[in-house]
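Quick notes on the structure that follows.
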Amino acid sequence: ERYPALLVHHADVLQVNYPAMAEVEGQPLVVIGNLPYYITSQILFALADASHYGAVDCATVTMQWEVAQRMVAPTSCKDYGILSVVFQTYAEVRCHFKIPPTVFYPQPKVDSALVGLHFLGPTKLRQRLAGVRPRDFRNVVTTAFRQRRKTIRNSLKKLQGVGSKEELLEKLDSMPVPLPETVLDAQKAGDAFALAQTLPDDWASKRPEQLTPAQFVEVTRLMFGDTTTTTTRNSANTDLEDMSKTTATMMDSHIDSNDLGRKVWRKLKHGI
């Protein structure tokens, strides 16, 4: 009665449909919370997926200190991994400060941290990925870090969805593809993410922890192409009598390029 505008949803946080909730509110959500430590990553991945639709603007959350350090870790350190690559691609992330166990009851056995995330949103994320599909990006990043002590060439030998084994090995031995014009323009404008996007010629001999999040975008482009190359390939492989079919295929490809995906990072059993 004292807070008539307060609306309480009693639900499993892993099953929340954030885009639907944002649509009801008529604006992107602002998330504030003390995340349960054993499902922190899954909640964060759900927010990343929700950002594909502009459903989440920002989040200020507490989490285990070690997890927070992984999210903001630079390259070439033991904390750098999947969380680092994903959230440094999807958001501006800041670890504000450490929180001692003494401020909680009951006291946890670990230190905590207050972390702020400002998600890029779909438009800026598309610009950053420059045609790379989030699902392909996930495939590359998770496969690479499964064997983080191996080189990229060796860890990606188990990459699925590229084609035949011969095609995969050929790509793993190839030189980087040229950066898209949009990335080159961003570099000229001084964008920090884009400035770290150029792949070195010896990229495949690096370990996963040595590549920046932006360079993982380019590894994904090299492995899977992007929405532009898919459209071009569909057109080149079709003769004139199939022109109407080609047009439909190109339209479908355009639609797919705009759809970043509802379930990319969160588990299939979680949410909608």
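The values are calculated or read from the model by the stated rules, or taken from the named source; none is laboratory data. Everything numeric in this text was worked out from a predicted model, so none of it was measured. So basically every Cβ, Gly included, is an ideal-geometry build from the backbone, and we count neighbours across all protein chains shown. SASA here: full protein model, heavy atoms, side chains in, ligands and nucleic acids out. Shrake-Rupley method; radii C 1.70, N 1.55, O 1.52, S 1.80 Å.
Computed quantities for the displayed model
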quantity	calculated
Meets criteria (at pLDDT 50 or above, over 19 Å from VAL162 (Cα atoms) and part of a helix (DSSP H, G or I)) for GLU241	no
Residue, nearest to the chain's Cα centre (by Cα), within segment 41-80, restricted to residues that are part of a helix (DSSP H, G or I) and among the aromatic types (Phe, Trp, Tyr)	PHE45
Filter result for the condition that a residue is closer than 20 Å to MET71 by Cα, open to solvent by less than 90 Å² (accessible area, probe 1.4 Å) and small (Gly, Ala, Ser), over GLY26, GLY33	GLY33
Condition broken by PRO108, with the remaining ones in (1) in contact (Cβ under 8 Å) with a residue 24 or more places away in the chain; (2) part of a helix (DSSP H, G or I); (3) more than 14 Å from the chain's Cα centre (by Cα) satisfied	(2)
Whichever residue in segment 207-228 is more than 15 Å from ASN154 (Cα to Cα) and over 16 Å from the mean Cα position of the chain (by Cα) and, among such residues, is surrounded by the fewest Cβ atoms within 10 Å (Cβ to Cβ)	THR228
Test result for THR102, within 17 Å of the chain's Cα centre (by Cα), hydroxyl-bearing (Ser, Thr, Tyr) and open to solvent by 50 Å² or more (accessible area, probe 1.4 Å)	no
Restricting segment 36-71 to residues that are within 20 Å of GLY81 (Cβ to Cβ) and of a type in the set (Phe, Trp, Tyr), the residue that is least open to solvent (accessible area, probe 1.4 Å)	PHE45
Matching option when the condition is in a strand (DSSP E or B) and either modelled with pLDDT under 95 or surrounded by 18 or more Cβ atoms within 10 Å (Cβ to Cβ) (or both), among LEU117, LEU83	LEU117
